[in-house]
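Asker: The following block contains the structure, expressed as structure tokens.
The values are calculated or read from the model by the stated rules, or taken from the named source; none is laboratory data. Predicted model only: the values in this text are computed from it and were never measured. Methodologically, a virtual Cβ is constructed for each residue, glycine included, from the backbone with ideal geometry; neighbour enumeration extends over all protein chains shown. What goes into the accessible areas is simple: the full protein's heavy atoms, side chains included, and nothing from ligands, DNA or RNA. Shrake-Rupley method; radii C 1.70, N 1.55, O 1.52, S 1.80 Å.
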Amino acid sequence: MKLATFVEAVDPPSVLPTPARMAAFVMSLRELGYDTAGCARRLRVFPRLGVNFWEAMRPQWAPAPGDAVGWLIRLFIDSVAVPVDTLHALVPVSLIDDAIEARLLVLDGDMLRPKLSLMPCDGMYFVTDRAAKNTAFNQVMWLWGESYLLAGLVRRTSRRCAFDVGTGSGIHALLASRHCDRVVGLDVSPRALEFARFNAALNGVHNAEFRLSDLLDGVDGSCDLLVTNVPYAPDLAARAGDNFWSGGIDGMELLRRIVRAIPERVDADGGVYINSLFPLAPGSTLRGNFAQWLGGRFDDLQTLDHTWPVPFYEDLLSDAPIDADKSAWRFGVVSLRRAPHGQAGWWRELGQDRFFNADGSCRAAVDHDAT
Ligand SMILES: C[S@@+](CC[C@H](N)C(=O)[O-])C[C@H]1O[C@@H](n2cnc3c(N)ncnc32)[C@H](O)[C@@H]1O
């Protein structure tokens, strides 16, 4: 399967003139029940891993006639045009006007056409590019199952400072802003930063900043929470970071650099959460790769390996995906911390591949302190 590809210039979202209007827009979505649980109730599969919350993966689903949330899903997740009269009958007029003014929708005759996606996650809202491949520019990644997975696995304890590397829509930085004093989202894509700043304004977040940066180069010092989901697909047609999916020829170019930076950039009491495809060479292990990348520093770490094997991994995005032996490939989240004083390092494989609850929430079955 490949994604349908189109070519269309699309403007980034535009912040509404006042914070009060941004807040009212979010409040309307919330009051209508357009949230993770509301979407999960209607789609049942939302937001399980993979792409099964896309329309193409559930062709039987259609919004019920009087169901506002169903029609919002149609517009903002499926990216399908909806008759303006249908929406007018179900949602406040101000919601439609604000979505048009923020450049999420355009009115085209009697149809509302989506230009951007708007997805809920854990009480917040994230505007991204639409969930289809558009080659006109470097798209800002919409929320995939992996975005929800990483969001669900980060332990939400109080922190001093979080770095979100490859922030895209800003999702992990903005979720972290609720339990961290300070948050820095980093991305090489200027378009991503525009979306992340819009999403900060949308969610009324004031303690997050977003910087143009090659991985951690744009920020000094260390953090006590590092969250990252940088591109990982082995791609012969694009250099690592040229788009939101290419991790270079072996897929692990960016990942390796981040892992090597952990000892200097993460405080002794800090936590690290890495989502990735791990396109490992046949016969090699994830633990072995981390040990090689970190050298002598590896033994200090306590690691939870929430990944699972993906020998049939299918790349939906790359123009020239690598044709390799995928028998050792894995996907998922690795979370690490420095061994507390007096304790030894360890690596624990959890073998968990079901993280989502029926209401769309997601969480780790085991965290570092429960091992
Ligand atoms: C897979 S997307 C993740 C988006 C978001 N964090 C999420 O989980 O939904 C990867 C992001 O990393 C960014 N990126 C690619 N190369 C990068 C680099 N060298 N330094 C910083 N960010 C990079 C891309 O622009 C993209 O926004």
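Asker: For residues that are open to solvent by 10 Å² or more (accessible area, probe 1.4 Å), of a type outside the set (D, E) and touching a Cys at 6+ places or on another chain (Cβ under 8 Å), tally how many sit in region 267-279.
Answerer: 0
Asker: Another question, then. Identify, please: which residue in region 205-262 is within 14 Å of the ligand (Cβ to nearest atom), touching a residue at least 60 places away in the same chain (Cβ under 8 Å) and among the small types (G, A, S) and is, among those, most open to solvent (accessible area, probe 1.4 Å)?
Answerer: A238
Asker: Kindly establish whether S147 is in a helix (DSSP H, G or I), over 14 Å from the mean Cα position of the chain (by Cα) and among the hydroxyl-bearing types (S, T, Y).
Answerer: Numbers: in a helix (DSSP H, G or I): yes; over 14 Å from the mean Cα position of the chain (by Cα): no; among the hydroxyl-bearing types (S, T, Y): yes.
Here the answer is no, as S147 does not meet what is asked.
Asker: Within region 122-146, which residues are of a type outside the set (A, V, I, L, M), within 12 Å of the ligand (Cβ to nearest atom) and modelled with pLDDT under 95? Reasoning before the result, please.
Answerer: Filtering region 122-146 for residues of a type outside the set (A, V, I, L, M) gives 122-123, 125-126, 128-130, 133-135, 137-139, 142, 144-146.
Pick out the ones that are also within 12 Å of the ligand (Cβ to nearest atom) and you get 126, 128-129, 137-139, 142, 144-146.
Those that are of a type outside the set (A, V, I, L, M), within 12 Å of the ligand (Cβ to nearest atom) and modelled with pLDDT under 95: W142, W144, G145, E146.
Asker: Please find, among S94, S158, the residue that is surrounded by fewer than 21 Cβ atoms within 10 Å (Cβ to Cβ), more than 16 Å from the ligand (Cβ to nearest atom) and touching a residue at least 40 places away in the same chain (Cβ under 8 Å). Show your work before the answer.
Answerer: Values: S158 fails: touching a residue at least 40 places away in the same chain (Cβ under 8 Å).
The conditions single out S94.
Asker: Let me ask something else. Going by the structure shown, is T303 more than 16 Å from the ligand (Cβ to nearest atom), touching a Leu at 6+ places or on another chain (Cβ under 6 Å) and either more than 26 Å from L3 (Cβ to Cβ) or open to solvent by less than 20 Å² (accessible area, probe 1.4 Å) (or both)?
Answerer: Numbers: more than 16 Å from the ligand (Cβ to nearest atom): yes; touching a Leu at 6+ places or on another chain (Cβ under 6 Å): yes; either more than 26 Å from L3 (Cβ to Cβ) or open to solvent by less than 20 Å² (accessible area, probe 1.4 Å) (or both): yes.
So T303 passes the test.
Asker: Condition test on G123, is it open to solvent by 10 Å² or more (accessible area, probe 1.4 Å), in the same structural domain as Y34 (by TED's automatic domain parsing) and over 20 Å from I73 (Cβ atoms)? Working first, answer last.
Answerer: Numbers: open to solvent by 10 Å² or more (accessible area, probe 1.4 Å): yes; in the same structural domain as Y34 (by TED's automatic domain parsing): yes; over 20 Å from I73 (Cβ atoms): no.
In short, no.
Asker: Among the residues that make up region 110-117, is at least one of them buried (at least 17 other Cβ atoms within 10 Å of the Cβ), over 30 Å from A176 (Cβ atoms) and in the same structural domain as F25 (by TED's automatic domain parsing)? First the steps, then the outcome.
Answerer: Taking region 110-117 and keeping what is buried (at least 17 other Cβ atoms within 10 Å of the Cβ), we get 112, 114-117.
Cutting the leftovers down to over 30 Å from A176 (Cβ atoms) gives us 112.
Next, only the ones that are in the same structural domain as F25 (by TED's automatic domain parsing) stay: 112.
Looking for residues that are buried (at least 17 other Cβ atoms within 10 Å of the Cβ), over 30 Å from A176 (Cβ atoms) and in the same structural domain as F25 (by TED's automatic domain parsing), one finds at least one in region 110-117, hence yes.
Asker: Given (1) in a helix (DSSP H, G or I); (2) near the ligand (Cβ under 7 Å from one of its atoms); (3) in contact with a helix residue (DSSP H, G or I) (Cβ under 8 Å, 6 or more places away or on another chain); (4) within 14 Å of F210 (Cβ to Cβ), identify the lone condition not met by A192.
Answerer: Answer for A192: the failing condition is (3).
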